[in-house]
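Dropping a structure here in structure tokens format, bear with me for questions.
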Amino acid sequence: MDDDQESILQTDKSISKCYKNKRGVRKISVMRKNVSIRKDLAEELAHMARDDGRSISSLLNEILSASIQVLKAHDSPITEILQEYEDLMMAKEMGLVLTCEQEFLEQEEIKKRMIEKWASWGDWLGFYLQARFRDEGLYLVHRISKVIFWKNAKIEFEWDSDLNPKELTIRIYGSALKPMRGECIVAAYEKIFDHFGFKMAESEVIHGICKIIFKKSGDLT
């Protein structure tokens, strides 16, 4: 044997060990073999086992078990697998790997910007209609909505009164109406009707359906 090698397991026979657990005594067969490894690896194993408060055999069995599982699952040498893992961790630290959390946060940021954009547009439209058409602009919103907002969707406006409405319910139906688009629509209408003295009292957005209820500012309870 070379000087840089050391024998870790000394005997070459099968033995049995007994372990006692909640179910009683369990017998496990253990095969002992003479295994020669590099001295530096043996020293590292001994150091790791000591720090972990366990035997070298226990640590070595755990390492071998994990390594065998990895080799069975991947058709590559274990050194290549470890290198790929290190490269992946490096890429992640550099921000080049898109994790589920990052993707979620990016989607939320996109959603926030879209809602703000629709709200800004609704604010402008409400201001324009109120300034140019006064109270008539309130009823023009329905006609404009049919032309601008919807494709393959149905929109309904329900007023509690044709002369001096104090409550308005808007319902939108469409199989292509996704929740994110629905929330953008709610933001736009909220700003539009704010210019006519209506405040949003209730909103409901699910896939395919959007419902918004507005009430005159003084009638909100």
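The values are calculated or read from the model by the stated rules, or taken from the named source; none is laboratory data. Just so we're clear, the structure is a prediction, and the values are computed from it rather than from any experiment. Because the Cβ atoms are built from the backbone with ideal geometry, glycine has one as well, and the counts that use them run over all protein chains shown.
Only one of (1) in contact with a Phe, Trp or Tyr (Cβ under 6 Å, 6 or more places away or on another chain); (2) under 24 Å from Gln107 (Cα atoms) fails for Pro179. Which number is that?
(1)
Looking only at segment 167-207, count how many residues are closer than 18 Å to Ser120 by Cβ, in contact (Cβ under 8 Å) with a residue 40 or more places away in the chain and touching a Cys at 6+ places or on another chain (Cβ under 8 Å). Explain how you work it out, then say what you get.
Taking segment 167-207 as the starting set, the residues that turn out to be closer than 18 Å to Ser120 by Cβ are 180-196, 200.
Okay, now just the ones that are also in contact (Cβ under 8 Å) with a residue 40 or more places away in the chain, so 180, 183-185, 187-196.
Subsequent filtering for residues that are touching a Cys at 6+ places or on another chain (Cβ under 8 Å) retains 185.
Result for segment 167-207: 1.
Being basic (Lys, Arg) and either over 22 Å from Lys111 (Cα atoms) or not assigned by TED's automatic domain parsing to the domain that holds Ala131 (or both) is the filter here; which residues of segment 183-221 pass it?
Matches in segment 183-221: Lys199, Lys215, Lys216.
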